[in-house]
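The values are calculated or read from the model by the stated rules, or taken from the named source; none is laboratory data. For clarity, every value in this text was computed on a predicted model and none was experimentally measured. With ideal geometry, Cβ positions are generated from the backbone for all residues, glycine too; neighbour counts draw on all protein chains shown.
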2 protein chains.
Amino acid sequence: MINGLERIRCAALHEKVMSVEKAIAFIQDGAVVGLSGFGGAGEAKTVPLALADYAQNHPMKITLATGASLGNRIDGRLNDAHALARRYPYQADPTLRKAINNGEVMYIDQHLSELADNIRHKNLPKINVAVVAATAITEDGQIIPTGSCGNSANFIEMADHVIIEIDNTISPVLEGAHDIYVPKARPNREPIPLTEAGDRIGTIGIHVDPSKISAIVLNDIPDTSFKMDEADNETLAIAKHLIHFFENEVAVGRLPENLGPLQSGVGSIANAVFAGFEHSNFHDLEMYSEVLQDCTFQLIDSGKMKFASGCSMTLSDECAKRVMNNFERYKDKIVLRPQELSNNPEIIRRLGIIAINTALEFDIYGNVNSTHVTGTKMMNGIGGSGDFTRHAHLAIFVTKSIAKGGAISSVVPMVSHCDHAEHDIDVLVTEQGLADLRGLAPRERALKIIENCAHPSYKADLLNYFERACALGGQTPHVLREALSWHAQFEETGSMKSA
Amino acid sequence: MINGLERIRCAALHEKVMSVEKAIAFIQDGAVVGLSGFGGAGEAKTVPLALADYAQNHPMKITLATGASLGNRIDGRLNDAHALARRYPYQADPTLRKAINNGEVMYIDQHLSELADNIRHKNLPKINVAVVAATAITEDGQIIPTGSCGNSANFIEMADHVIIEIDNTISPVLEGAHDIYVPKARPNREPIPLTEAGDRIGTIGIHVDPSKISAIVLNDIPDTSFKMDEADNETLAIAKHLIHFFENEVAVGRLPENLGPLQSGVGSIANAVFAGFEHSNFHDLEMYSEVLQDCTFQLIDSGKMKFASGCSMTLSDECAKRVMNNFERYKDKIVLRPQELSNNPEIIRRLGIIAINTALEFDIYGNVNSTHVTGTKMMNGIGGSGDFTRHAHLAIFVTKSIAKGGAISSVVPMVSHCDHAEHDIDVLVTEQGLADLRGLAPRERALKIIENCAHPSYKADLLNYFERACALGGQTPHVLREALSWHAQFEETGSMKSA
């Protein structure tokens, strides 16, 4: 028996198994393809990689929609083959990034919660082919997702053709970890019946009309392995400021003892903050977030975290092994949801989430740039930061106060690109300190941000700018001819520092 | 019997009736006061005006929270008396605006849907005194709001002292027009059970512990009267472009025949668009919006609109008279809700609202400035524009392409202040034309916005900027030294026009 066939428990579907070469024929030049994958986990691999190989010799271009970023350098391989005309809603590939910034690939950077509705209600074109990785197909034909849910259920529902990749590298124990809920199309939409991070409101798999499944291929390429970044002095200081802030909020009665559900962006700062929880007095922590990382499972192991809801898991090999080998221990403590649910404004506001995301830069009035280096060059995309920031009970952004050895100040007079307006930002943190902006007008925010968050080497220049701006007046004072001069100077001289 | 006493049908409360001079003693120096009022309708009047008179001779400062803007120049009168230390979440008073921009009053410009939660969950200080206008008090002590709901129910729930102003100028027929629903505090919050614009999910009045009512005063000052702005050639052209766009969306099957629930900002452009509906083939229209204006009732009169949900009514004297004298005709076609409901993200996303708001300016990439003139001076505030834009099925901004006789282009290289990021904007409209931005990358957006929306006298300069920016590269190309130079030049020379 072919390796993987036993995972297709709906026998009638065995006849759909075919070679990847045959399967990619369903993807025509000009097609809109919806791919599984979120945060570098759970992407379909065999099909897009074969498509990239094919496109090298047979020029074709597709529009590629995903959950979020893809592992296995799939975006890069497709881009190298010049196979991408359009891409949404998020990417994080270094070579695709270059093509985007050169204007070669049209990149539509979108809130992750919104893509499904935008396609469902025709603000974006229909999905022609859905390519979705699966752990298994159940007896009744349900597609069991892998390490991420992303937009898989939505793409399957919307597509003309569905290609399933049975992923032999995924542990079958994951079956049961997903909670698939797809909102009805308007005007028949109903309230989402989720009132706690741990609620289950859907099914363990994706229901699909079997006649829509055009092909099933078998995949043996594993997900990309993630290494947890080591904390450094700055990230540890950021974590310390945050934990101290949370402790005080609980002490004065503004936050519940377990803080309420937490969301956190991915990466070293998130890891440091979660490591900080490890050594804190907090208990019964909950996550309602996008990506579950090693640190999530460490907090579960140590008994600090009672539940974690996410859209995907990106784990180190070591952690993945531990989790899969002992899955019974975690099964009732985690759930993976479609991003339309994990990032849903209705839920985020209802639960009162504390959102912790990383800024590229923020300005003295509290506006945040998450995406564009010096206002023009796309880094990755807005991802879920807007979904969570806009609806969080507390919207927090963190960043190191300087970058490139001090040539860049992350605290600037005016952000060169604004993803999150000051209306939405409650707290800013750098290794220097924390600025609690709640209830403050812009002029008050400026003093606090400069004093608490800016690096000492930039404080005087920021204060000088602010004072001269105030002399000109306004709710949000600026010297217009200078507002972006720090960024312009950096581009011209390689440093924001005054001469 | 004192005029108005018959409106206090809960006899036990008659003993709370007192002079306004006595009532304002409950408002201490430094107090946080929550006032009824939204969009210039339904504000308490007697108490704040007496407080302004008192503060002229007895220096004191309060923090003033409201629903939104106030009529009867109350913000101006309190500001003239130097009685305002802090103000949120919205204002539209010319003299207060000056004080805000001079840095004399700290103005916290907030999304209108968020204020109640921010106070309830202690991101903002507790309300000490709620001052709320009422049409009547029922036998069981319910407070019946007036021409707006605003944050009245929330303020009453949260305050230590409640002062009720029985408004003798409000027609008693309004009793029954309100639908008061207050979400539970987290973690006990439940889904809001509203699935259609016309649903009623609450009570007709505000429930309050009678012992919290410290004073009842009688008011004979009427709401400010609103005059409907006359349409001009530009607003008519904007309306025409929009109606044509809607017709086409229905024809190609992207919108339902009645478009789905509509939200519209206040003012002349909204009036022109709604007048445009009058002469269109659309029928069974619905509103789920903030302010119901004359044009709403005209569409109900002509049978074009089947239901309108709002937070307040701001009508001309003539229209108000017609509506109140024939209220039976409208009673099952309108409802007034607290702003936490009228502007709620959960509902806006669920219903799939089409949001039409007015921009101060937008840039070639689709970022929108709703609040700050030349990036620094506050006009009014973000109001509900963020609540609706961020969650709408279609987020539309309209503006005239030029202002001040052509000295200002409303289409600029980079917005001088960003309230709504390009991620959230679907359609931009000026009298020149309409730019449908759905599914477009920033570089594509720029060409469409310049071509369709910019005024002919600025098109060449915008194109020239865009082309030079593209030569520098980036997802969102800019010439950083020039990006805000149009605004800077306007401040220096009085015109954005190139020499």
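Evaluate the following for residue B:164: is it surrounded by 15 or more Cβ atoms within 10 Å (Cβ to Cβ) and of a type in the set (A, V, I, L, M, F, W, C)? Yes. Is it fair to say residue A:362 is in a helix (DSSP H, G or I), more than 12 Å from chain B (Cβ to nearest Cβ) and crowded, with 23+ Cβ neighbours inside 10 Å? When the stated conditions are applied, residue A:362 does not pass them. Identify the residue in the stretch A:379-418 that is of a type in the set (D, E, K, R) and on the phi < 0 side of the Ramachandran plot and, among all such residues, is farthest from the chain's Cα centre (by Cα). The selected residue is A:400. Within the stretch A:266-288, being of a type outside the set (A, V, I, L, M, F, W, C) and in contact with a helix residue (DSSP H, G or I) (Cβ under 7 Å, 6 or more places away or on another chain) holds for A:268, A:271, A:276, A:278, A:280, A:288. None of B:44, B:50, B:55 is assigned to a loop (DSSP other than H, G, I, E, B) and at pLDDT 95 or above except B:44. Residues that are at the interface with chain A (Cβ under 9 Å from one of its Cβ atoms) and assigned to a helix (DSSP H, G or I) within the stretch B:467-488 comprise B:469, B:470, B:472, B:485, B:487, B:488, listed in sequence order. Here is a check on your reading of the model: is residue A:435 touching a Leu at 6+ places or on another chain (Cβ under 8 Å) and closer than 26 Å to residue A:382 by Cβ? Judged against the criteria, residue A:435 is a match.
I'm trying to understand the selection: among the residues of the stretch A:63-98, which are farther than 18 Å from residue A:147 by Cβ, crowded, with 21+ Cβ neighbours inside 10 Å and either within 14 Å of chain B (Cβ to nearest Cβ) or within 19 Å of the chain's Cα centre (by Cα) (or both)? Across the stretch A:63-98, the qualifying residues are A:63, A:64, A:65, A:84, A:87, A:88, A:89, A:91, A:93, A:96, A:97.
Within the stretch A:316-323, is even one residue under 16 Å from the mean Cα position of the chain (by Cα) and either within 14 Å of another protein chain (Cβ to nearest Cβ) or of a type in the set (S, T, N, Q) (or both)? No, the conditions are met nowhere in the stretch A:316-323.
Being in a strand (DSSP E or B) and within 14 Å of chain A (Cβ to nearest Cβ) is the filter here; which residues of the stretch B:429-444 pass it? Matches in the stretch B:429-444: B:436 only.
Within the stretch B:110-129, can one find any residue that is in a strand (DSSP E or B), buried (at least 24 other Cβ atoms within 10 Å of the Cβ), at pLDDT 95 or above and not assigned by the TED database to the domain that holds residue B:291? Among the residues of the stretch B:110-129, at least one is in a strand (DSSP E or B), buried (at least 24 other Cβ atoms within 10 Å of the Cβ), at pLDDT 95 or above and not assigned by the TED database to the domain that holds residue B:291, which makes the answer yes. Among the residues of the stretch A:83-91, is there at least one that is free of Cβ contacts under 8 Å to residues at least 60 places away in the same chain and part of a loop (DSSP other than H, G, I, E, B)? Checked against the condition, which is being free of Cβ contacts under 8 Å to residues at least 60 places away in the same chain and part of a loop (DSSP other than H, G, I, E, B), the stretch A:83-91 yields at least one hit. For the stretch A:381-400, the candidate set comprises residues that are assigned to a loop (DSSP other than H, G, I, E, B) and closer than 12 Å to residue A:354 by Cα; within that set, the residue that is nearest to the other protein chains (Cβ to nearest Cβ) is A:393.
Of the residues in the stretch B:235-250, at least one is β-branched (Val, Ile, Thr) and within 14 Å of chain A (Cβ to nearest Cβ).
Within the stretch A:326-343, the residues that satisfy the criterion of being part of a loop (DSSP other than H, G, I, E, B) and either crowded, with 24+ Cβ neighbours inside 10 Å or not assigned by the TED database to the domain that holds residue A:466 (or both) are A:337, A:338, A:343.
Go through the stretch B:167-213 and report how many residues are more than 19 Å from residue B:140 (Cβ to Cβ) and not in a loop (DSSP other than H, G, I, E, B). Residues meeting the conditions: 2. Taking the criterion of being more than 9 Å from chain A (Cβ to nearest Cβ) and under 22 Å from residue B:348 (Cβ atoms), the only residue of the stretch B:99-112 that qualifies is B:112. For the stretch B:1-31, the candidate set comprises residues that are β-branched (Val, Ile, Thr) and in a loop (DSSP other than H, G, I, E, B); within that set, the residue that is surrounded by the fewest Cβ atoms within 10 Å (Cβ to Cβ) is B:2. Residues considered: A:419, A:424. Of these, the only one that is in contact with a Gly (Cβ under 7 Å, 6 or more places away or on another chain), within 14 Å of another protein chain (Cβ to nearest Cβ), closer than 28 Å to residue B:477 by Cα and among the charged types (D, E, K, R) is A:419.
Looking only at the stretch A:445-466, decide whether some residue is facing chain B (nearest Cβ under 9 Å) and either assigned to a helix (DSSP H, G or I) or crowded, with 20+ Cβ neighbours inside 10 Å (or both). Taking every residue of the stretch A:445-466 in turn, none turns out to be facing chain B (nearest Cβ under 9 Å) and either assigned to a helix (DSSP H, G or I) or crowded, with 20+ Cβ neighbours inside 10 Å (or both). Scoring residue A:34 on the criteria (1) assigned to a loop (DSSP other than H, G, I, E, B); (2) touching a helix residue (DSSP H, G or I) at 6+ places or on another chain (Cβ under 6 Å); (3) not acidic (Asp, Glu) leaves a single failure, condition (1). Filtered by the rule that a residue be in a loop (DSSP other than H, G, I, E, B) and hydroxyl-bearing (Ser, Thr, Tyr), the stretch B:401-419 gives B:401, B:410, B:416. In the stretch B:189-202, the condition of being modelled with pLDDT of 95 or more and out of contact with any Asp or Glu (no Cβ under 9 Å at 6 or more places or on another chain) is met by at least one residue.
Between a first residue in the stretch A:366-380 that is facing chain B (nearest Cβ under 8 Å) and of a type outside the set (Val, Ile, Thr) and a second residue that is surrounded by fewer than 22 Cβ atoms within 10 Å (Cβ to Cβ) and not in a strand (DSSP E or B), which pairs have beta carbons less than 8 Å apart while being 6 or more apart in sequence or on different chains? Taking only residues 6 or more apart or on different chains, the pairs are A:372/A:379; A:377/A:101; A:377/B:473; A:378/A:101. Within the stretch A:466-489, residues that are closer than 24 Å to residue A:376 by Cβ sit with their Cβ atoms under 9 Å from residues that are aromatic (Phe, Trp, Tyr) and assigned to a loop (DSSP other than H, G, I, E, B), at 6+ positions apart or across chains, in these pairs: A:476/A:365; A:478/A:365.
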